[in-house]
Each structure stands twice: as structure tokens, then as C-alpha cells.
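Written out below as C-alpha cells is the structure these notes cover.
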Amino acid sequence: MANMMIRLEGISKVYGMGETLIHALSGVDLSIKQGEYCAIMGSSGSGKSTMMNLIGCLDRPTTGAYYLDDENVAELTNTALARIRNLKLGFVFQQFHLLPQLTALENVMLPMVYAHVPPAERLKRATAALVRVGLENRLQNKPTQLSGGQQQRVAIARSIVNQPLLLLADEPTGALDSHTTQEILDIFTELNRSGMTVVMVTHEADVARTTKRVIWFKDGQVLNPNLAPQELHQLERP
Amino acid sequence: MNPLENIKMAVKTLTANKLRSTLTVLGIVIGNASVVAMIGIGQGAQTFTQERVESLGANLLYVFMDGQGSEVGAGDPPQLLLSDAEAIAAQAPAVKLVSPMISASLTVNYQSRTTKATVQGITPDFLPVRNMQMTTGRFWDEVAQRQDATVVVLGAELSQKLFNRTNPIGQEIQIGDRSFQVIGVLQRKGAALGVNPDVNAFIPITTMANQLVGRSVPGGMSIDEIEISAKDQASIRAAAFQVTNILTRLRGKQDFLVVANKSVQDLLRQITEALSIMLAAIAGISLLVGGIGIMNIMLVSVTERTQEIGLRKAIGAPEQSILQQFLIEAVTLSIAGGIIGISIGVGSAVLVGVFTPLKPTVPFSAIVLATGVSGGIGLIFGVVPARQAAKLDPIVALRRA
């Protein structure tokens, strides 16, 4: 179990109270090893977004234990969770979520600001991260001066700049055309090849096929925890 | 995130939306401008009245009859006597000079020019007591005083009225039904406490009593007022005490008042101070309104920037950081508004100084205080929006598009 990145044991998540209870997740057990590249799929309402929020330490399970890097994070304080998100996790969102008033470089430096990295070091690491995603010529551009694909690459650079253990991507190609989608997926593949654990939520089979493992959610439970991407066509389409 | 970075970030965010930031701080700008201008003008008014009263003579004391003490229908009301003044001069060690005075409104004419003027009978000590100088000519001496000389010294404005630009020295003027020779003109002084020596004529007190107005009463010559200058500022109280004692002993009862010019000055200062505090307080209300404006816009800004807040939380900003960020934005706004407002306030105070005789001064402490209060207002009115931002659920914040 030493190289287990994520270990979920009996996780359930309930929203609301009394008559209007919604069981978003019920009794989920799931493990993801270090260095894996997996996609979480499922129809809308299947619990995959809730799963993503839990894995990303943005939310806490109602019951169950969540070991991230062998640490039970289910009962940590808000501040401790913020620290874990800052240092151990990287987020990539469908809508990029770049701050419009900041340049690409400043956007990428933001997580290091909260990690108390010295300014000189920030500049070095942010530049390196932007070079890694192929944006060495766009360091001083503001988000409005960048294309969607470029913005998403800035967001990826931002997510990896604190050298996280785990990269979480929520529909990262949802707002991009097919050509740019491929570019972004190539970056994820490259990051995974260099050892980063990547977990991605997507509803596009083509996107999921670039990963090595598909976790299929249905009605708040794991329908299939280990589906080979090639077998995707066997499942009913959401 | 350290405070300096927070401030830089706040400036960046605020300058990204210049129009809104400007409108947001307008309330604070107006509030500070009016408070500072009011303080400046109030200070100017205070200095102005202080200087005017001070110009009457720094260590001056007045002695006059206590009007309320006289009983109606009990014969002539009691009068101050010239001998009272002489006794004070001889016996009170804290007193430097004594200037007894009789005043009357009389007709003054030179050739065809006729005017009504206050004519004051005085002694040569009047000049040093009142801190006055001559422009031209001379003042009469002790000898002339004793001989009931018919000489007159004119106030600057009266002299101009009677003689225009011609030299008045040596000319004869009529006061009442007597002829007086003009021997000097006083330097212009300006009005203070309703008294303007520039429009008066001055003649020896004995001449006045004996030839113009009958002032013989049992016991000597009655006078209207005694002005006294104490040896120095420190002996004003002692002088007042001694004068009261001497007069009470001489007159048998305390039917007079001794008022120090300094206490008049103090009273006026208190009044002008109270007035300027009141004005500044009224202006301060607009500061409060400005603070509410900041809170309002910060609340809107939190709503608008939920995605930013959500993102910052997702990438690891603790609640404390978000709270700090919004607080610093509010404080930066209000201090910037404060500084602009203070500049405008100082500017208008300076303008008032250019166009009026007032010399407004804005004390440095007021500027520091105004800046501090502005910052405080930003802090107080920033707390609610900042807490709202810090408490946002990152999931909800990120999802809101």
C-alpha cells in the first residue's frame, strides 16, 4: 500500500436534510496508485463531480475515510485542507479560471504566493512551468490576449508549479475544439509519463481513451473501478 | 501572502477598474476634504480672532462698573474715579501702567467737514497699554496733560476723513464747541472686540472732563473705564487680585468688574474651537457615508469575484488570506481616498487664505488623524464583505459562472 496515492474507504456523501436527502455517493471504495493516469466517467448525477471535489479536498465525505498519500484528510481543518490543496494537489478546470488582471506569469506564480515561496524562486519555477507547456513566448500576456488552448496551458502550468503529487482535471477539454483538445491531452500524457498521477473527469470517450484506466460511476456508486479505455464502447452511452 | 504583496495585489485589482474605484472612494474624498477644510478654516478663524484681541494689548486688564449692581432710583449710579486709577498705579506692584478713560460721542469738524466721532479722554500711558504707535506728529506729555492742553491725536481713519491727504499736523479742529490743535495721527490698528481706535479722536482726560463733558462728582472726577497692563503674562492674575483689593478698600464695596483681556481671549478661543469642532463633526458624517459606500461596493465586488475567490481557495489560499486580501483592498481604497480628500481640503483651505484675511492652517496631526480615520473606516466597513468572501464555499464559488 506504500505507493497508494488515493485510498477511499466506505465514502458516502449526503446533501440536504430530512425528506430531501440526496445521496450523492454511497459506500464508495476506490484506490488509485501513484503514477496512474485515470479518467472518471459517468452520466451527470452519477456522483463523479462530488467524487472529484472530495478527492480535491474541496469537500469532506459524510462518512468514510480518505487517505491521500497515506494521510487521512477527511477530518482535517479548513486551513489544513487549504494547505494540502496548495502543496499536494493541482487543479485544472473546464473554464480555466485565470485571474484576468494578472499576466500568464503572475497567474502561474499565484499558488507559490500562498506556499510562501520566495519571489526569485517563484519567477524561476513559473517560467519553467510555462516553458514546459510551450508558452515561453506568452509570459507577459494577460488571459484576454490568449486563445482558449493557451489559457488552459497557463492553467496547467499553474497546477504543476508547486510540484503536486496529484493533478486533478475537471473536464479540461470541455471548452476547447478538437485540435486544441489533443494538444492539452498531450501535455497530460507527457506529465503522466514523467511520473505525475493524473485524475480527470470527462464525459467524452475520446478524451478518456488517452488515459490508462477508466473509473465508471453510476448512481453514486462505482460501477466499474478498472475499465480499460479500449473497452469503453461496451458500455451504454450516458 | 505578506502584507506588501497583498497591497500590490490590491492596487492591481483596484486599478483594473479605475472608474468604479474612483466612484467608490468619492464619499471618502468628499468627507476628508470637508473635514480638513473645516479644521483649516476653523484654525484660521481662531488665529485671526486671537490676533485681533491680542493686538489690544497682551497683558491688558479692564476695570469698569458692574452695571447690574446699581440700584434703580437710588440717585446717581456709582462711578469709577480718576483717583481710583491713581491709587492702582501707586499701590499695585503687579501693575505696570494704568490708563483711565472717558468716552463720549461728539461732533468733530474741520472747515466744512463735519462728522460724529467717539472722543476719548486719555493719558499718555494709553499708547503703551494699548500697544499703539504714532504715524506722524507726537503725543502730548505729562506737562500738557496737567495744563488741560487743547490738543488732539487722531485715529488714522478719522484723520483721513477730515483731512483727506493733506497734512493734519498743526491744524485746528472743532470738537464739541472747543478748538483743538491736531498734534499727531495714530498708526492704523483695525477693529477688535467691537472697538476701533482708528475712527476715534484722543484728547487729554482732564481737558475732556473739565471742558467738554462735565465729570465732577463728589470725591473727584468720574471716569468710564480703566485699562491696566500687568507687568507680564505671569502677573495678570496677581494684578487682577491687587486691583480688586485696592478698589474694594477704596470704594467700600465691590461694585466693579475686573476682566483680563486674556480671559476674553480664552472665551473666544473656546467659542471658535467649539464651532470648528462642530463643523468638522458635521463634515465627519460624510466620512461615515463614504464608508458605507465602500462597504456597498466591496459587497458587490465579492459577489462579482466569487470565481476568483473560489479559484484562490482551490489553489490553496486559506480563509485568513482571502479575508486579508479584501480587507486590504478596502483599506487601500479608503486611504487613497483619504489622501486625495486631504489634498483637496488643504488646497481649499489655502484658497480661503488667498481670498480672505483668515490664515487657515491645517495641523499635521489633523492630516495624520484624517488618514488614520479613513483607514479605520475602510477596515470597519471592509470586515463584512471580507468575511463574506472568506467564508465562501469554493465548490459553489467555482461552479457559479
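So with the 1.4 Å probe, I'd like the accessible area per residue for the protein assembly as shown, rounded to whole Å².
I get 46 Å² per residue for this part.
Which one of B:SER365, B:SER321, B:SER159 has the biggest mean-square fluctuation once chain B is modelled by GNM with Cα springs under 10 Å?
Comparing B:SER365, B:SER321, B:SER159 in the GNM, the peak value goes to B:SER365.
Compute for chains B and A the buried accessible surface, both sides summed, probe 1.4 Å, and express it in Å² to the nearest 100.
In total, this chain pair buries about 2000 Å².
Given just the C-alpha atoms of the range B:92-224, how large is their convex hull per residue in cubic angstrom?
For the range B:92-224, the hull spanned by Cα atoms encloses 117 Å³ per residue.
Kindly provide the helix-only [θ] at 222 nm of the protein assembly as shown, computed as the sum of -39,500 (n - 2.57) over DSSP H runs of four or more divided by all residues, to the nearest 500 deg cm²/dmol?
It comes out at -15000 deg cm²/dmol, rounded to the nearest 500.
Using the C-alpha gyration tensor of the protein assembly as shown, what are the square roots of 5 times its eigenvalues, in whole angstrom, with the largest one first?
Those come to 95, 24, 18 Å.
Nearest-5 percent of antiparallel DSSP beta bridges in the range B:126-257?
75
For the range B:245-260, in order, what is each residue's ³J(HN,Hα) by Karplus, 6.51 cos²θ - 1.76 cosθ + 1.60 with θ = phi - 60°, in whole Hz (x at glycine and Pro)?
Here the 3J(HN,Hα) series is 4, 4, 5, 4, 5, 5, 8, x, 8, 9, 9, 9, 10, 10, 10, 7 Hz.
Using Cα positions and a limit of under 16 Å, work out the lysines in reach of A:LYS13, with same-chain residues fewer than 8 apart set aside.
The reachable lysines, counting only those whose Cα sits under 16 Å from A:LYS13, are A:LYS48, A:LYS218.
Angle check, please: helix A:148-160 long axis (alpha carbons) against the longest principal axis of chain A (alpha carbons), in degrees 0 to 90, nearest 10.
Orientation of helix A:148-160: about 80 degrees from the principal axis.
Sequence-distant or interchain residues sharing an amide H contact under 5 Å with A:GLY47, placed H: which?
A:GLY220
Taking a quarter of the surface of the convex hull around the Cα atoms of the range A:115-238, what do you get in nm²?
Mean shadow area of the hull around the Cα atoms is 9.2 nm².
Excluding ligands and nucleic acids, what accessible area in Å² is computed for B:ILE236 using a 1.4 Å probe, to the nearest 10?
Number for this one is 10 Å².
About the Cα centre of the range B:198-278, how large is the charge dipole given +1 on each Lys and Arg Cβ and -1 on each Asp and Glu Cβ? Please answer in debye to the nearest 20.
360
How far, in degrees from 0 to 90, does helix B:18-55 lean away from the longest principal axis of the Cα atoms of chain B, to the nearest 10?
The two axes meet at around 20 degrees.
So which residue, out of B:PRO318, B:PRO363, B:PRO168, gets the largest mean-square fluctuation from a GNM of chain B using Cα contacts under 10 Å as springs?
The residue with the greatest mean-square fluctuation here is B:PRO318.
Can you list residues from other chains, or at least 5 along the same chain, whose modelled amide H is less than 5 Å from the amide H of B:THR136?
B:VAL185
Name the most mobile residue of A:GLY45, A:GLY149, A:GLY220, meaning the one with the largest mean-square fluctuation, in a Gaussian network model of chain A with Cα contacts below 10 Å.
Highest fluctuation of the listed residues: A:GLY45.
With every protein chain left in place, what is the accessible area of A:TYR67 in Å² (1.4 Å probe, nearest 10)?
It works out to around 60 Å².
Where does each of A:GLU75, A:GLU19 land when they are ordered by accessible area, with a 1.4 Å probe and the largest first?
A:GLU19, A:GLU75
What is the ratio of the Cα radius of gyration of the range B:287-342 to 2.2 N^0.38 Å, where N is its residue count, to two decimals?
Dividing the Cα Rg of the range B:287-342 by 2.2 N^0.38 Å gives 1.28.
Along the charge dipole of the range B:29-158, pointing to its positive end and built from +1/-1 on Cβ of Lys, Arg, Asp and Glu, which listed residue (B:ALA33, B:PRO93, B:SER105) has its Cα farthest out?
B:ALA33
Hey, if you put +1 on the Cβ of every Lys and Arg and -1 on every Asp and Glu Cβ in chain B, which of B:THR207, B:THR13, B:GLY378 ends up farthest toward the positive end of that dipole?
Farthest towards the positive pole: B:THR13.
What relative contact order, as a whole-number percentage, does chain B give when Cα pairs under 8 Å and 6 or more residues apart are counted?
Values: 727 pairs, mean separation 121.4, N = 401.
Relative contact order for chain B comes out at 30 percent.
Largest first, how would A:MET17, A:MET112, A:MET4 line up by accessible area (1.4 Å probe)? Working shown, then result.
Working: A:MET17 160, A:MET112 0, A:MET4 30 Å².
Solvent-accessible surface, decreasing: A:MET17, A:MET4, A:MET112.
Report, for the protein assembly as shown, the % of DSSP beta bridges that are antiparallel, rounded to 5. Can you show the working numbers first?
On the way: 59 of 86 bridges.
Here the share of antiparallel DSSP bridges comes out near 70 percent.
What whole-number distance in Å separates the alpha-carbon centres of the range B:310-353 and the range B:234-255?
61
Along the charge dipole of the range A:1-155, Cβ charges K/R +1 and D/E -1, which of A:TYR66, A:TYR114, A:VAL154 sits furthest on the positive end?
Value computed over the given set: A:VAL154.
Please list 3J(HN,Hα) in residue order for the range B:93-108, calculated via the Karplus relation 6.51 cos²θ - 1.76 cosθ + 1.60 where θ = phi - 60°; whole Hz, with x for glycine and proline.
x, 7, 9, 8, 9, 10, 10, x, 8, 10, 10, 8, 8, 9, 7, 10
Could you order B:PHE202, B:PHE48, A:PHE96 so the one with the most accessible surface comes first? Probe is 1.4 Å.
Order by accessible area, largest first: B:PHE48, A:PHE96, B:PHE202.
Under a point-charge model restricted to the Cβ atoms of Lys and Arg (+1) and Asp and Glu (-1), what is the dipole moment magnitude of the protein assembly as shown relative to its Cα centre, in debye to the nearest 20?
Numbers: 54 positive and 51 negative charges, 207 e Å.
Approximately 1000 debye in magnitude.
With a 1.4 Å probe and all protein chains left in place, how much of the accessible area of the protein assembly as shown comes from carbon and sulfur atoms, in whole percent?
57
Rounded to the nearest 10 Å², what accessible area does B:LEU247 show when all protein chains are kept and the probe is 1.4 Å?
Ignoring ligands and nucleic acids, B:LEU247 comes out at about 0 Å².
Helix A:104-114 versus the longest principal axis of chain A: what is the Cα-based angle in degrees, 0 to 90, to the nearest 10?
60
Given Cβ point charges of +1 (Lys, Arg) and -1 (Asp, Glu) and nothing else, what value in debye, to the nearest 20, does the dipole of the range B:92-224 about its Cα centre take?
Dipole magnitude for the range B:92-224 comes out near 300 debye.
Can you compute 3J(HN,Hα) from phi for each residue in the range A:179-189, using the Karplus curve 6.51 cos²θ - 1.76 cosθ + 1.60 with θ = phi - 60°, rounded to whole Hz and x for Gly and Pro?
Residue by residue, the range A:179-189 yields 5, 5, 3, 4, 4, 5, 5, 4, 5, 4, 4 Hz.
The values are calculated or read from the model by the stated rules, or taken from the named source; none is laboratory data. For clarity, every value in this text was computed on a predicted model and none was experimentally measured. Cβ: placed from backbone, ideal geometry, glycine included. Neighbour counts: every protein chain shown. Surface accessibility is based on the protein's heavy atoms, side chains included, excluding ligands, DNA and RNA. Shrake-Rupley method; radii C 1.70, N 1.55, O 1.52, S 1.80 Å.
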